[in-house]
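This report refers to the structure that appears directly beneath it.
The values are calculated or read from the model by the stated rules, or taken from the named source; none is laboratory data. Computed from a predicted structure; not experimentally measured. Here the Cβ positions follow ideal geometry from the backbone for every residue, glycine too, while neighbour counts run over all protein chains shown.
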Amino acid sequence: MSKQRRGWKIAAVIVGLLIVAIVIVVSVIDEPLRQLVEAEANDLLPDYHITIGALEFHPLTLSVNLHDVIVRQAIHPEPPLAAVPHVTGDARLLPLFSGTVAADLRIETPVFYATRQQITGMLRRATKPEVTDEDMTWQERLRELSPFEAAIYINNGHLTYDEGKPDSEPIRLQQIDVEVINLTNHLDTAETYPSTLHVSAQLPDESQLDLDGRADFLAKPLPSVEADLKLQRLQIKNLLPVVGRYNVQFRDGALDLNGRVKYSGQATVVAIKDLLLEGAKIDYVHAAETKHREVRQVKKVVEKA
């Protein structure tokens, strides 16, 4: 056997041993790393409880797989706000040389669920007027981390919103696809909305929702968005769980809408460009037991006007 062939065999054995060693080390550190990531996530978001079923770290490709991620609200843990069977994070090498951690996150078939009680709890917490140093907002916690950039892709998600009333059907969105580019914690002061945002979704009746624009996901007290909104063939009876509390009953009709929406923690502004309402059947229901609430609602409308 020539020295060259013997050298190649020795090199192959060394490489094989290194690969085996890496596999063994990775298999050993996966669970401690899962516990670390889970603890850091819960520390970063104290109003929520996050569990990670399993974590797989791939050092050769600088990627991480998370399995069975569950997110619960601390004050209203049931139902879970999100159940994600699979998340993949792929690091980008080039930004590392400038001291920035950058990654692409891909979230497959997540299931989101929220009740009116949970949404109310989120809004009250987010708009809490007094925040001490010990009670930092999640936005401030993220800004204190090392610089990072992320692109987030959500594929085939499902969302259910339940008013919690026995006589109202939940609102359901399906086939939700989301693309967020340049989610970062270190912002240029000239950038009001640093991230680009695209959202598309369908309702069970196959009406379509599309949102295209920009966002600041670290704005306080809540993320802010400015985007073009398009609704196609929305069956307005699906809005009953939302408008029913105002004594308005949508029984039939379809809505097409093109406009622009601007949302922040302080206000929501919708500028409608085109609106088509066909075959609408809308009733206002007056009831003795809701008389006082109706008076308050009218007074609020007058004040806003």
Boolean, HIS86 is farther than 24 Å from VAL199 by Cα and surrounded by 14 or more Cβ atoms within 10 Å (Cβ to Cβ)
no
Counting only residues in segment 35-92 that are assigned to a loop (DSSP other than H, G, I, E, B) and under 16 Å from the mean Cα position of the chain (by Cα), the one nearest to ARG143 (Cα to Cα) is identified as LEU45
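For (1) in contact (Cβ under 8 Å) with a residue 12 or more places away in the chain; (2) assigned to a strand (DSSP E or B); (3) of a type outside the set (A, V, I, L, M, F, W, C), each residue gets a yes or a no:
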{"site": "HIS198", "(1), (2), (3)": "yes, yes, yes"}
{"site": "ALA201", "(1), (2), (3)": "yes, yes, no"}
{"site": "PRO204", "(1), (2), (3)": "yes, no, yes"}
{"site": "GLY213", "(1), (2), (3)": "yes, yes, yes"}
{"site": "PRO221", "(1), (2), (3)": "yes, no, yes"}
{"site": "VAL225", "(1), (2), (3)": "yes, yes, no"}
{"site": "ARG233", "(1), (2), (3)": "yes, yes, yes"}
Taking segment 103-117 and keeping residues under 14 Å from ASN156 (Cα atoms) and of a type outside the set (Lys, Arg) leaves ILE107, GLU108, THR109, PRO110, VAL111, PHE112
Any residue in segment 251-269 that is over 22 Å from the mean Cα position of the chain (by Cα), part of a strand (DSSP E or B), modelled with pLDDT under 65 and surrounded by fewer than 16 Cβ atoms within 10 Å (Cβ to Cβ)?
yes
